[in-house]
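What follows is a set of notes on a single structure, which appears directly below.
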Amino acid sequence: MAAAVIYWSGTGNTEAMAKAVAEGAGVEAVSVTDFKGDAAAFDALGLGSPAMGDEVLEESDFEPFFAGIEGKISGKKIALFGSYDWGDGQWMRTWEDRVRAAGATLVNDAGVISNLEPSDDILAQCRELGKKLAE
């Protein structure tokens, strides 16, 4: 199964999570600004974005990327993860709903989220998420 882990990070928190997901999946994590491939060509995608603004995906790079692949992920395995500083995780619940509505299958029932810097426990959850993504 071909898998990719693509993320956006401003402070490094979501990047640390992406690296742990990628480690579990046996792939390299790639920043969305550096990703040059066709995300729709992968069977499984690990996608990471922190909560921004009013609990939304990062608006400049990640949201346009996700909107561009949203109609092409039906039938794919998707693992979601990201960090936040405020709120209660609504950005992740909204994102999960979008993925389901697009016909994709979430690897877990819910994405892995971290309040600010991910703890060792959160990073372990991310590695496990990556393993499930690659199955």
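The values are calculated or read from the model by the stated rules, or taken from the named source; none is laboratory data. This is a predicted model, so every value here is computed, not measured. Note that each Cβ is placed from the backbone with ideal geometry, even for glycine, and that neighbours are counted across all protein chains shown. Accessible surface areas use protein heavy atoms only, side chains included; no ligands, DNA or RNA. Shrake-Rupley method; radii C 1.70, N 1.55, O 1.52, S 1.80 Å.
Rounded to the nearest 5, what is the percent of antiparallel bridges among the DSSP beta bridges in the range 1-126?
5
Just to verify a number: FRET efficiency for ALA67 and LYS131, C-beta to C-beta distance, R0 = 25 Å, to 0.05?
0.30
Would you work out if the range 11-135 is rounded, prolate or oblate? Take a ≥ b ≥ c from the square roots of the eigenvalues of the alpha-carbon gyration tensor; rounded if a/c is under 1.5, else prolate when a/b is larger than b/c, oblate otherwise.
rounded
Counting pairs of alpha carbon atoms under 8 Å apart in space and at least six apart in sequence, what relative contact order in percent does the chain give?
Details: 291 pairs, mean separation 43.7, N = 135.
Once normalised by length, the contact order is 32 percent.
Using the structure shown, list the pairs from LYS76/LYS132; LYS19/LYS132; LYS19/LYS72 with a Cα-Cα distance above 19 Å, or answer none.
Violating the 19 Å Cα-Cα cut-off are LYS19/LYS72.
With just the Cα atoms defining each centre, how far is the range 71-107 from the range 24-57? Give it in Å.
11
Rounded to the nearest percent, how much of the accessible area of the chain (1.4 Å probe, protein heavy atoms only) is carbon and sulfur?
Details: 2910 of 6240 Å².
The C+S portion of the solvent-accessible surface of the chain is 47 percent.
Provide the per residue accessible area, probe 1.4 Å, for the chain, rounded to a whole number of square angstrom.
On the way: 6240 Å² over 135 residues.
I get 46 Å² per residue for this part.
Looking at the range 58-109, which chymotrypsin sites (Phe, Trp or Tyr not before Pro) are DSSP coil and have at most 13 other C-beta atoms within 10 Å of their C-beta?
Sites meeting the loop and neighbour criteria: TRP86.
Apply the Karplus curve 6.51 cos²θ - 1.76 cosθ + 1.60, θ = phi - 60°, to the phi angles in the range 30-36 and return the couplings in whole Hz, x for Gly and Pro.
10, 5, 4, 6, 9, 6, 10
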